[in-house]
Amino acid sequence: GAVVSQHPSWVICKSGTSVKIECRSLDFQATTMFWYRQFPKQSLMLMATSNEGSKATYEQGVEKDKFLINHASLTLSTLTVTSAHPEDSSFYICSASLGGTGYTFGSGTRLTVV
Amino acid sequence: RKEVEQDPGPFNVPEGATVAFNCTYSNSASQSFFWYRQDCRKEPKLLMSVYSSGNEDGRFTAQLNRASQYISLLIRDSKLSDSATYLCVVILRDQAGTALIFGKGTTLSVSS
């Protein structure tokens with residue numbers, strides 16, 4: 001089946017540093033990738049929608065300069081958390097459309113900022 | 001984006017029980033509906049799509065009521081392995097684009 005490979009699975013970083021999270025579609029082309037964040041015991045909240053070759057669309061309240069999204073190819077989308085702070089600690093997960101048959105998710109990245 | 005609401009539970013049921021979850025959505029522009037299952041600290045996995053005509057997959061039955069804007073999931077003969085959080089997901093397509101909107105999830109705990 002269609003697989004999205006997400007890396008890293010977990011990362012611990014110091015405040016002020018930047019962290020890049022990658023999502024690759026392994027056996028299909030992902031024109032659109034969705035990026036979500038999930039705090040403990042909360043729902044997945046859509047952060048932004050990235051389309052290959054164009055600028056990402058950010059949800060209200062999500063700082064585009066802090067969460068940089070790049071979708072330079074049909075198989076790779078990246079989310080960079082810049083100048084990370086402890087409040088950015090969360091579970092980040094990407095999702096790609098399977099063209100009408102549902103959506104497939106990456107395995108998620110647990111970010112801890114200390 | 002408008003909300004998708006679920007009863008968070010937890011629902012604690014014995015093995016073999018039948019349990020039902022409901023989910024309501026507020027945006028009538030919602031076009032597609034799914035139930036996902038999420039195990040602790042794991043990514044959500046698609047359980048089943050939801051159609052107005054209803055659909056069944058083994059012990060799981062999903063139903064959509066567009067007029068009342070709710071969807072349901074029925075699990076029969078619960079197994080220990082059914083313990084998880086069940087997420088109601090709505091695909092919304094509007095002038096802002098396409099997005100998956102998740103409910104907060106309903107936690108099910110099946111005990112022996």
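Under the Karplus relation 6.51 cos²θ - 1.76 cosθ + 1.60, θ = phi - 60°, what is the ordered set of whole-Hz ³J(HN,Hα) values for the range B:72-88, x standing for Gly and Pro?
9, 9, 10, 10, 9, 6, 3, 10, 4, 6, 7, 4, 4, 9, 9, 9, 8
Could you estimate the translational diffusion coefficient of the range B:42-112 from the Stokes-Einstein equation, with Rh from the Kirkwood formula over C-alpha pairs, at 4 °C and 1.567 mPa s, in whole µm²/s?
Estimated via Stokes-Einstein, D reaches 95 µm²/s.
Averaged over its residues, how many other protein chain Cβ atoms are within 10 Å of peptide B:31-41's Cβ atoms?
The per-residue average across the peptide is 2.
Length gain on complete extension for the stretch A:T112 to A:I12, per 0.36 nm per residue less the alpha carbon to alpha carbon distance?
Here the segment from A:T112 to A:I12 would lengthen by 35.5 nm.
Could you tell me how many cubic angstrom of Cα convex hull volume the range A:10-76 has per residue?
So the per-residue hull volume is 120 Å³.
Counting other C-beta atoms within 10 Å, and keeping those with at most 13, which DSSP coil GluC sites (Glu not before Pro) do you find in the range A:53-112?
A:E63
Measure off 7 Å from each Cα along the Cα-to-Cβ vector at B:L80 and B:S52, then give the distance between these two points in nanometres to one decimal.
4.3
How much accessible area per residue does the protein assembly as shown have, counting only protein heavy atoms and a probe of 1.4 Å, in square angstrom?
Result: 49 Å² per residue.
Please compute how much accessible surface disappears when B pairs with A, both sides summed, using a 1.4 Å probe, and round it to the nearest 100 Å².
1500
Hey, can you list the residues from the range B:70-112 whose accessible area shrinks by 50 Å² or more with all protein chains present, relative to the chain by itself (probe 1.4 Å, no ligands or nucleic acids)?
Residues passing the criterion (a loss of at least 50 Å², heavy atoms only) are B:L100, B:F102, B:K104.
Return the unpartnered cysteines for the protein assembly as shown, using a Cβ-Cβ cut-off of under 4.7 Å.
Cysteines of the protein assembly as shown left without a disulfide-compatible partner: A:C13, B:C40.
If you take the Cα Rg of chain A and divide it by 2.2 N^0.38 Å, with N the number of residues, what do you get? Can you show the working numbers first?
On the way: Rg = 13.2 Å, N = 114, 2.2 N^0.38 = 13.3 Å.
Relative to the 2.2 N^0.38 Å estimate, chain A comes out at 1.00.
Can you pull the one-decimal nm distance between simple spin-label points at B:Y70 and A:V3, each 7 Å off the Cα toward Cβ?
Rounded to a tenth, the inter-label distance reads 4.0 nm.
Mind ordering B:10-18, A:22-30 by average Cβ neighbours within 10 Å, highest first?
Numbers: B:10-18: 13.4, A:22-30: 18.0.
Per-residue mean Cβ counts within 10 Å order the peptides as A:22-30, B:10-18.
Excluding same-chain residues fewer than 8 positions from A:K14, which lysines have a Cα within less than 27 Å of its Cα?
Within the straight-line limit of under 27 Å, A:K14 reaches these lysines: A:K41, A:K64, A:K66, B:K42.
Distances longer than 21 Å among the Cα atoms of the protein assembly as shown: what percent of all pairs is that?
Of all Cα-Cα pairs in the protein assembly as shown, 56 percent lie more than 21 Å apart.
The values are calculated or read from the model by the stated rules, or taken from the named source; none is laboratory data. Just so it is clear, the structure is predicted and the values come from calculations on it, not from any experiment. Note: ideal-geometry Cβ built from the backbone for every residue, glycine included; neighbour counts use all protein chains shown. Side chains are part of the model used for accessible areas, which takes the heavy atoms of the whole protein and leaves out ligands, DNA and RNA. Shrake-Rupley method; radii C 1.70, N 1.55, O 1.52, S 1.80 Å.
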